[in-house]
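The values are calculated or read from the model by the stated rules, or taken from the named source; none is laboratory data. Please read all numbers here as calculations on a predicted model, not as lab measurements. A quick note on method: Cβ atoms are made from the backbone with ideal geometry, for glycine too, and the neighbour counts reach across all protein chains shown. The area values use the complete protein model at the heavy-atom level, side chains included, leaving out ligands, DNA and RNA. Shrake-Rupley method; radii C 1.70, N 1.55, O 1.52, S 1.80 Å.
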Amino acid sequence: MSKDIISILPDAIANQIAAGEVIQRPGSAVKELLENAVDAGATEVKLILKDAGRTLIQIIDNGKGMSETDARMCWERHATSKIRNSDDLFRIKSFGFRGEALASIASVAQVEMKTRRSEDELGILIQIDGSELKKQETCQTHVGTSIAVKNLFYNVPARRNFLKSNAVETRHIYDEFHRVALARPEIAFSVYHNDQEVFNLKRADNHQRISDLLNISSEKLIYDEEHTSIAGISVFLGLPEISKKTRGDQYFFVNNRFIKDPYLGHAVNSAYEGFLAPDTFPSYVIFIEIDPAKIDINVHPTKTEIKFEDERPLYQLIKAISRKALASKIYIPETGQDDLGFAGILQNSYNANSFPTEPKVKTNPSYNPFANQGSNQVSRNRNVGKWEMLFDIPEKKLDPLPNLFGNEDKPAQSGHKIIEAQKLNWSIDALMQWDKFYIVVSTPKNLIIIAQQRAHERVLFEKYQKNLNEKPEASQQLLFPRMLEFNPADTAILEEILPDFKLLGFDISPFGRNTFIVNGLPAQSVKGEVKEIIEGILEQYKRNLLNEGQSSKDLLCKSMARQNSIKGGVDLSKEEMNQLVQDLIQCEEPFFTPDRKPVFLQFGAADLNKEFE
Ligand SMILES: Nc1ncnc2c1ncn2[C@@H]1O[C@H](COP(=O)(O)OP(=O)(O)OP(=O)(O)O)[C@@H](O)[C@H]1O
Ligand SMILES: [Mg+2]
């Protein structure tokens, strides 16, 4: 008997395994199909979805279509028209080049394609189920290609089960859609989900496309560009006032391909330094045009990572251009009378003269930052040297803001143990607020330091859990109902959490076409404008949405608690402190925030004595 144990996997299985890398979820199939349509030279692309792409993903393009042979060939692995040899890898201008996407998709779904070239009278229809060809025949169809992917992962139940809720999967799809649509403003895109139109983007230029897609009004978007021998850079920066609580709208494109690059992201973020409220993130879109020979896109199966020959000059270039652009148009938000807001706090705590309003930007067009690059290499983490001078913006004015806002992450003192879980049993002798962040409590046996925001988050979290599980919160009717409009991704999320939202006291119902009507708010513990309250909770929710292993109910409670908690930096009266401490004592799990961060530190006589030894 032969002892050989190795055998070659059948194609269908090999494809399925390979598909695991390329097609992880409906969003990845959408990405691949959109990119193929763009590579085929389409000027109009339509995306049709059913059930967050689980049931159907269909892309219809008016690109160049395929011949009969190509229509069959394109489903084979390593079948591509985009490169011929390894040298081509360094000249890539198309999105695709691996010849893997369609083979991967066909191995895990039921697909139907119709395609026709302009020179052919009839088109070709192809049907494939799990890599197996079911039908190939001529058909009547328009010029271009339509690919329908049905029942994704129907033959890989483990993967199908692994998919997240519709809201999460829709979010991934729209993320991918944004990345392609932003890169190709000259193409018209439309998206339909469950028969509803969610995007309809006309052909446009970059500025208009960004404004349309990211919902940023044109005048809140600053534009600048520089062309150097290293690269051409165009920056579109959202004004600081439209910065968000989530890192959502930050995009880098290299030769029109979306990439993730935290290092370059740092360059833009540091250009915003001093202009943003803490815990907020700017929106921006950066386009880099660079010689394809100077990059390697073949480093990751999803092609979102790129290796640059040298990233440091790019970092400097991007930071300097961004800073120049921002400094030329910086804006201080207006505030209401009783709300000091960002600008108010700044003016109170800063010498007004030192805030960088409208600096005079002097540029030196003849300056070449790369002239002595070899002799003056800057380290990756150091701030820019010469590029700062180029735009003559004094660095010291851009110091980060002092921490005037709620910062629940103030480092807990190390070396003191956090007490183990048990019900609290404090008999309070005295209590005071310290540094507007902490409540210091003295009991006969202990000195306790409570982080006020964290304590309130815990209290609210448990209250909201009770609302969901036992006792719904009463809703206070608004005098004038409010209509709110959301983007399609947020609409999908809101629709999913709506029943729980109602239990928490929000009287809110869908009103069609991404709008909702709000008739009432929770009777307790929410303050502020209806729109801000709901958007704030959604932002918090989205921030955590992609984290694994949390029920949507807990996530909602956590998001509400974070949004509505008393922040650090806020003065509390004796009564308020007392109430908060009493509420905390009643909690089931008073020791930690919903994020498992400690709520308080406790020192007994022994602990203190030890410190004094
Ligand atoms: N919408 C389309 N219109 C015309 N031709 C297409 C279309 N989609 C795919 N093709 C053809 O099928 C080939 C295979 O597509 P596939 O997406 O599998 O690979 P690729 O795009 O070459 O590389 P990658 O795997 O990196 O996406 C393409 O090279 C192209 O020639
Ligand atoms: Mg492709």
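Annotations for the structure displayed:
- The fraction of accessible area contributed by carbon and sulfur in region 163-304 is 45 percent, rounded to a whole number (1.4 Å probe; ligands and nucleic acids excluded).
- Applying 0.36 nm per residue to the separation of ASP195 and MET432 and subtracting their alpha-carbon distance, the gain on full extension is 79.5 nm.
- Accessible area per residue for region 108-211 is 45 Å², calculated with a 1.4 Å probe on protein heavy atoms, without ligands, DNA or RNA.
- Inter-centroid distance (Cα atoms) of region 95-166 relative to region 47-81, Å: 5 Å
- Protection proxy ranking, highest mean first, for peptides 448-456, 157-165: 448-456, 157-165, where packing is the per-residue count of other beta-carbon atoms within 10 Å, averaged.
- Note on region 469-525: with neighbouring protein chains present and a 1.4 Å probe, carbon and sulfur make up 54 percent of its accessible heavy-atom surface.
- Rounded to the nearest 0.05, the FRET efficiency derived from the C-beta distance between ILE5 and SER94 at R0 = 35 Å is 0.30.
- Cut-off 18 Å (backbone N to label point 7 Å along Cα→Cβ of ASN446), residues of region 567-586: 578-586
- Close amide H contacts of PHE252 (hydrogens built in the peptide plane, cut-off under 5 Å, sequence separation of 5 or more or a different chain): ILE259, ILE286.
- The residues of region 458-599 expose on average 48 square angstrom of accessible surface per residue, using a 1.4 Å probe on protein heavy atoms.
- Residues GLU309 and PHE162, FRET efficiency given R0 of 41 Å [Cβ-Cβ distance, rounded to 0.05]: 0.60
- When each of LYS260/LYS319; LYS436/LYS542; LYS46/LYS260; LYS463/LYS527; LYS64/LYS93; LYS93/LYS245 is checked by Cα-Cα distance, pairs over 24 Å: LYS436/LYS542; LYS46/LYS260; LYS93/LYS245
- Of the solvent-accessible surface of region 1-152, computed with a 1.4 Å probe and all protein chains present, 49% belongs to carbon and sulfur.
- The residues of region 30-100 expose on average 46 square angstrom of accessible surface per residue, using a 1.4 Å probe on protein heavy atoms.
- The modelled label-to-label distance for the pair SER229/GLU273, using points 7 Å beyond Cα in the direction of Cβ, is 2.9 nm.
- Taking the inverse of the mean reciprocal distance over all distinct Cα pairs, the Kirkwood hydrodynamic radius of region 40-184 comes to 16.3 Å.
- Mean Cβ count within 10 Å, highest first, over the residues of peptides 473-483, 565-575, 261-271, 432-442: 261-271, 432-442, 565-575, 473-483
- When its C-alpha radius of gyration is set against 2.2 N^0.38 Å (N residues), region 92-137 gives a value of 1.36.
- The value given for region 1-100 is a Kirkwood hydrodynamic radius of 15.7 Å, derived from the mean inverse Cα-Cα separation.
- A simple rule links phi to the HN-Hα coupling: the Karplus curve 6.51 cos²θ - 1.76 cosθ + 1.60 with θ = phi - 60°, which for region 281-288 gives 10, x, 9, 7, 10, 10, 10, 10 Hz, with x for Gly and Pro.
- Summary of packing: across the peptides 576-583, 465-472, the per-residue average of other C-beta atoms within 10 Å ranks them, highest first, as 576-583, 465-472.
- Reported value for region 165-322: 127 Å³ per residue, from the convex hull of its C-alpha atoms.
- Under Karplus coefficients 6.51, -1.76 and 1.60, residue-wise ³J(HN,Hα) of region 191-208 in Hz, glycine/proline x: 10, 10, 10, 6, 6, 9, 6, 10, 9, 8, 9, 6, 4, 7, 9, 4, 4, 5
- Inter-label distance, nm, simple model (7 Å from Cα along the C-beta direction), LYS260/SER573: 4.9 nm
- The convex hull drawn around the Cα atoms of region 141-187, when projected onto a plane and averaged over every direction, covers 5.1 nm².
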